[in-house]
Amino acid sequence: MSKKRLKSELLLKLEAFREQGKVVSVLNPILAVADEVCERLYKKEISHEAISDLLTQLGAEIWKQQTKQLRVKTGNNHDFKSILNGIDLASLDISKRIYNAVFTAHPVFALVTDRAADLSAAASTDKIISVPENPYQLRQSISLNDEHCEAVAAILNARAAIRTLHKEILTAKRIAKKSDWNIALPVMCAVSTWVGYDLDGRSDITWIDSFLLRLKEKKISLDLYASELAHHSNYNEGIDKLILELKTECQQTAADIERFSDLDETSFSHAADLLSERTNKLASSLDFADRLHKIALDIGDSDIAIQLIVLAGDIACHGFGLGEIHLRINAVQLRNAMGVVDSESDSSPFHDVRSRVLLDDLCARIKSEQPWKINFQSLSEENATARRQLMLATQILKHVDCDQPIRLLIAECEKPVTIMTALYLAYKFGITDRLDISPLFETTFGLEHGVDLIDQLLGHEVFCAYVRQRGRLAIETGFSDAGRFIGQVSANLAIERLQLKIAGLIKAKLNADVDFLIFNTHGESLGRGCAGPKIVDRQNFILTPYVRAHCKSIGVAIHHESSFQGGDGYRMFGNEDLALSTIYNLFAAEIKSPTEAWMEDGFYKKHDYSLGMFLSLKAWHEKLFHDPNYGIFLDIFGVNFLPKTGSRSAK
């Protein structure tokens, strides 16, 4: 029997069983087809080889479908370079950050590394030459280091694409004869990562693991910068000096990596002392970028100058690392770090006297107390996760890169005292000027009361002064978990309302003097907040044109960030071609100015209708979520059907 005929017959059987299943509730169409296959095998009407061939054929069809989808998803199915033609590049403010792509790691590394690379390679061309053998083989294991290696590859491709984009913008300014085309460094787009730094939901990553990864990232970046500068060493002797600095620091960092990779009591002190006491560390990335920029200004060849300015901008954006790192912890870990025991009552924390007293007390302590002094021994002896992570941030800023800011993401954040606790600890460690504290709103309570949390914090001058010092008010919204709690559609509506209200607070309480940094985290499926099929759909789903238009109308500048979840999202940056297409389309989606027509959209004008829709959807999903059978079903499905696709233990 031919594969085509066997496939057709089984599909017809499946459809028939599905129709029967609508009448006979105990009938499972999938099991019924499986029984049909077993029966025909027993009767020798079909062979095992025929079934194997059919599975291979189905795998090939899925592979081809995924390839086409990835082409559309990245915008590589058309001449993506022409997308810049409709943008007035010469008039852009290249010194203003508008977007960060954040590389996250969750258990969705479904394809083995080589097959993921094959899929990205296939999506780079119009033709699928061949389907690899066993394209969907299961991973036997996956470690944090495996995830980090895949993230590194994707990030390097993304950064190369960003450099190409920034080069296009600078070239357009020079051609337009803008007098200041070479004055500012291009920092419009950048990347961030939390791979190796996310402790929300896991306790298997030690501070040494994270610190080692950060040292490795520094070495990778130093090698990258030295390699890029080597192409231009003949144009200015100052470039040779910079290359020597990079190579010297690279050798020292390699030695640090080796020492921190194999520690015992004696070697720990030795490794920590050598790193801490080394006085000639190359730790100021902004200073290095500035020196490179000055050299570029002295070079007469405009094309070479542009390449050097672009590289200096890359260094200013990402420092001596792969990108801005995001340390993620849970609100409970912060409360434990301060020894605060919350009441188990159901009363709202915003009206709880004890919570307000704690806020006032923390503000007074920030004003009056002196910072702590710590070292690697202090870090090693610390048991509280939140304090240890902030101490890790302190040591990274002290010994790896003193200029690159670090994000502190606080999951399940529902109380203003949680944020103030983080600010107090950041002050005690002396890093408030380089740390962006960001609450993650993802729970039902957090989405409904997040604006009250921010409002109460802005009632304290200590917090306002901190936000003004950083030049931004940062939040994170979680589409994945919010969708789990209240459904994806109602989660999207709740997040949009939250974004609008907080933007209003920035205008009212801070006079729109700071940026609104919105980090939207989501997965790579619609159920986890990723709309499709195109990048513009993806970006406008998580940050709607209405929110963009509203913020523009009240003068609040948005700095948007969104996630690309490993490994599905990494395939959008699987090679230089796909990365370039992805970055160009992301840039076009983010730079596009929303029209005022969005402000007149009927959905937003008719509040009763939209609110009623939100409440109905939310109520339906919450009823489902709290059904005990729903949880049992998901547990059974996860244990029996889902292969291991990540280093984090399944919840």
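Brief remarks follow.
- Centre-to-centre, using Cα atoms only, the stretch 506-535 and the stretch 391-405 are separated by 27 Å.
- Accessible-area composition of the chain, carbon plus sulfur, in percent [1.4 Å probe]: 53 percent
- The stretch 207-304, relative contact order in percent, only Cα pairs under 8 angstrom and at least six apart counted: 31 percent
- Cβ-derived FRET efficiency at R0 41 Å, residue 575 paired with residue 261, nearest 0.05: 0.85
- Shape category assigned to the stretch 105-186 from the gyration tensor of Cα positions, a/c cut at 1.5: oblate
- Net dipole in debye of the stretch 124-178 [+1 Lys, Arg Cβ; -1 Asp, Glu Cβ; about Cα centre; nearest 20]: 800 debye
- Whichever aspartates and glutamates have a C-alpha closer than 17 Å to that of residue 367, once near sequence neighbours (fewer than 8 apart) are set aside: 433, 461
- Using a Förster distance of 35 Å, the FRET efficiency for residue 149-residue 233 (Cβ separation, nearest 0.05): 0.70
- Sparsely packed loop sites in the stretch 167-232 (the trypsin sites (Lys or Arg not before Pro) outside DSSP H, G, I, E and B with at most 16 other Cβ atoms within 10 Å) comprise 177, 178, 202.
- Low-density loop cleavage sites - GluC sites (Glu not before Pro) in the stretch 1-60, where at most 14 other Cβ are within 10 Å (DSSP): 45
- Amide H contacts of residue 515 (H built 1.01 Å from N, in plane; Pro and chain starts excluded): 472, 473 sit under 5 Å, all sequence-distant by 5 or more or on other chains.
- Across the stretch 497-620, the relative contact order, built from alpha-carbon pairs under 8 Å that are at least six residues apart, equals 27 percent.
- Karplus-derived 3J(HN,Hα), 6.51/-1.76/1.60, for each residue of the stretch 188-193, Hz, glycine and proline x: 5, 10, 7, 10, 9, 7
- Length available on full extension from residue 294 to residue 82: 0.36 nm per residue minus the Cα-Cα distance, which gives 73.1 nm.
- Straight-distance crosslink candidates among lysines, where the alpha carbon sits under 23 Å from residue 618 and sequence neighbours closer than 8 are dropped: 415, 501, 605, 606
- Per residue solvent-accessible surface (Å²) - the stretch 394-469, probe of 1.4 Å: 23 Å²
- 3J(HN,Hα) from dihedral phi, the stretch 151-164, Karplus parametrisation 6.51/-1.76/1.60, rounded to Hz, x for glycine, proline: 5, 4, 4, 5, 5, 4, 5, 5, 5, 4, 5, 5, 4, 4
- Cα-Cα over 23 Å, subset of 13/623; 81/219; 218/398; 3/64; 173/247; 96/507: 13/623; 81/219; 173/247
- Rel. contact order, % - alpha carbon contacts under 8 angstrom, at least six apart, the chain: 20 percent
- For the stretch 269-427, the fraction of alpha-carbon pairs in successive 10 Å shells from zero, as %: 9, 28, 27, 19, 12, 4, 1
- The length gained by stretching the chain between residue 367 and residue 18 to full extension, at 0.36 nm per residue less their Cα-Cα distance, is 118.9 nm.
- Contour minus Cα-Cα distance for residue 284 and residue 179 (0.36 nm per residue): 34.9 nm
- For the stretch 213-289, with +1 on Lys and Arg beta carbons and -1 on Asp and Glu, the positive-most of 224, 279, 251 along the dipole: 224
- Net dipole in debye of the chain [+1 Lys, Arg Cβ; -1 Asp, Glu Cβ; about Cα centre; nearest 20]: 1160 debye
- For the stretch 13-70, size of Cβ-based charge dipole, Lys and Arg +1, Asp and Glu -1, in debye: 160 debye
- FRET E, pair residue 384, residue 354, Förster distance 22 Å, beta-carbon r, rounded to 0.05: 0.55
- Of 112, 58, 46, farthest towards positive along the dipole that unit charges on Lys, Arg, Asp, Glu beta carbons give the stretch 16-138: 112
- Values of log10 I(q)/I(0), in the order q = 0.18, 0.23, 0.26 Å⁻¹, for the stretch 232-317 under a Debye, Cα-only, solvent-free model: -0.80, -1.06, -1.23
- Per-residue 3J(HN,Hα) values for the stretch 8-22, derived from phi via the Karplus relation 6.51 cos²θ - 1.76 cosθ + 1.60 with θ = phi - 60°, read 4, 5, 5, 5, 5, 4, 4, 4, 5, 5, 5, 5, 5, x, 6 Hz in sequence order (x marks Gly and Pro).
- Nonlocal amide H pairs with residue 198, under 5 Å, H built at 1.01 Å: 328
- Distances between placed amide hydrogens fall under 5 Å for residue 561 paired with 100, 518, 519, 520, all partners being 5 or more residues away or on another chain.
- Distance between the modelled labels on residue 452 and residue 637, one decimal in nanometres: 3.3 nm (7 Å Cα→Cβ projection).
- Cα-based shape type of the stretch 499-651, given that a ≥ b ≥ c are square roots of the gyration tensor eigenvalues and the cut on a/c is 1.5: oblate
- The chain: calculated mean residue ellipticity at 222 nm from DSSP helix runs of at least 4, using -39500 (n - 2.57): -19000 deg cm²/dmol
- The chain - Rg over Rh from alpha carbon coordinates, Kirkwood radius: 0.98
The values are calculated or read from the model by the stated rules, or taken from the named source; none is laboratory data. Here the structure is a predicted model, which is why all the values come from computation and not from measurement. Backbone-built Cβ (ideal geometry, glycine too); neighbour counts: all protein chains shown. Please note that ligands, DNA and RNA were not included when accessible areas were found on the heavy atoms of the full protein model with its side chains. Shrake-Rupley method; radii C 1.70, N 1.55, O 1.52, S 1.80 Å.
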